[in-house]
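Report on the structure given below.
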Amino acid sequence: MSFSGRVEHLIQELNEAKASTKEDVERFRIKFLGSKGVFKDLFSEFKQVSSDEKRQFGKQLNELKARAEGQFSSWSKEFSEGLVANEAHDLTRPGMTVAPGAHHPISIIKDEIIDIFHAIGFSVAEGPEIEDDWHNFSALNFPPEHPARDMQDTFFIKDPNGGQDYVLRTHTSSVQVRTMENEKPPIRIIAPGRVFRNEAVSARSHCIFHQIEGLYIDKGVTFADMKQTLEYFAKAFFGKSKIRLRPSYFPFTEPSAEMDVYWGLENELDHRITKGTGWLEVMGCGMVDPAVLASCGIDPEVYSGFAFGMGLERSAMQRFQIPDIRMIFENDVRFLSQFQSAI
Ligand code: PHE
């Protein structure tokens, strides 16, 4: 075949070349661009053609080679991205699904409790997780060296320069102190947040957990108001209308109580949850001690109030039948994706 005939043939072959797999692309490379390929042959033959033909075909051959190389590199790119040539632009292919996130079980419980208290006029207050001694203890009637401080095993943060020491807050009562210091009654707040206690981690307890505490201060607030509010909560959150208040002790409330809800003893789960008593312990509560009001700048002769506080993990574990508290903090996606979708 004449040199011009071979060039004609090459053009036709390039026009007809197709690739639908990675192997096709490799075959194309070997055939045209390989060390024994068509271009190699043509260029070595080119050295022997007449100078007329050199003038006629030189530029064209270079252009054809550049075209073959361009074709090869664009196919390589396409196939290395895992696309098949014919499907690359197929608009009928199903789209890529993006899995929506899910709400964390603690957030679900927290949001529900916030809504319940929102409906009766409580708003959310927040404060720092690293707290000073005053807001976590002293203002709440835990004087230095007082044995009540041992009720809550505390993580201390020492200032290496000998300045004031801090703690990781052991309860969100610290937020109540901050609110009383900064606002005038009437005060109606709930303080959700993360708290820390130096406890051994096991299936039932953790050194990090979440609380919601509540505070209501106004003129003439009584124990009866507290009981009514907690009854409303028990009904809204647990769907149970019977509660009881057992005497208890907290340094910052007087009198203090533990609130239990009557859960019932209808099935085996009820027995397990209530340890066979039918009653479920839900939260600590009490009338704010007048000394606490005074330390926070509120006149105890004029105002009174109540406070309550509960942990969220226990409710989440019970609601979602989570057997081990550590799962709540591990953030394993297989665990988290089981909960209410975020959209
Ligand atoms: N701060 C208490 C605790 O963490 C709970 C509580 C709050 C009790 C308010 C009474 C009143 O255990």
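If you average the C-alpha positions of segment 1-33 and of segment 146-215 separately, how far apart do those two centres end up, in angstrom? Their Cα centres are 76 Å away from one another.
Give 235/275; 22/65; 31/59; 110/235; 184/242 a once-over and call out the pairs whose C-alpha atoms are over 26 Å from each other. Violating the 26 Å Cα-Cα cut-off are 184/242. Among 127, 166, 117, which residue has its Cα positioned farthest towards the positive end of the charge dipole of segment 74-188, with +1 placed on the Cβ of Lys and Arg, -1 on the Cβ of Asp and Glu, and the dipole taken about the Cα centre? Most positive-ward Cα: 117. Using the alpha carbons alone, the radius of gyration of the chain stands to its Kirkwood radius in an Rg to Rh ratio of 1.42. With respect to the chain, whose longest principal axis is taken over its alpha-carbon atoms, helix 3-16 is tilted by about 30°. Over segment 3-88, the alpha carbon radius of gyration divided by the compact-protein estimate 2.2 N^0.38 Å works out to 1.21. Mean residue ellipticity at 222 nm, helices only, the chain: -11500 deg cm²/dmol; runs of at least 4 DSSP H residues each add -39,500 (n - 2.57), and the sum is divided by the number of residues. The label point for residue 184 and the one for residue 115, both projected 7 Å from the Cα toward the Cβ, are 3.5 nm apart. Once both labels are positioned 7 Å from their Cα atoms along Cα-to-Cβ, the gap between residue 16 and residue 4 label points is 2.2 nm. Only aspartates and glutamates eight or more places from residue 36 in sequence, or on another chain, were considered; those with a Cα closer than 15 Å are 26, 45.
Rule-based calculations on the coordinates, nothing more; no lab input. Just so it is clear, the model here is predicted, and its values are computed rather than measured. Here the Cβ is made from the backbone with ideal geometry for all residues, glycine too, and neighbour counts use every protein chain on show.
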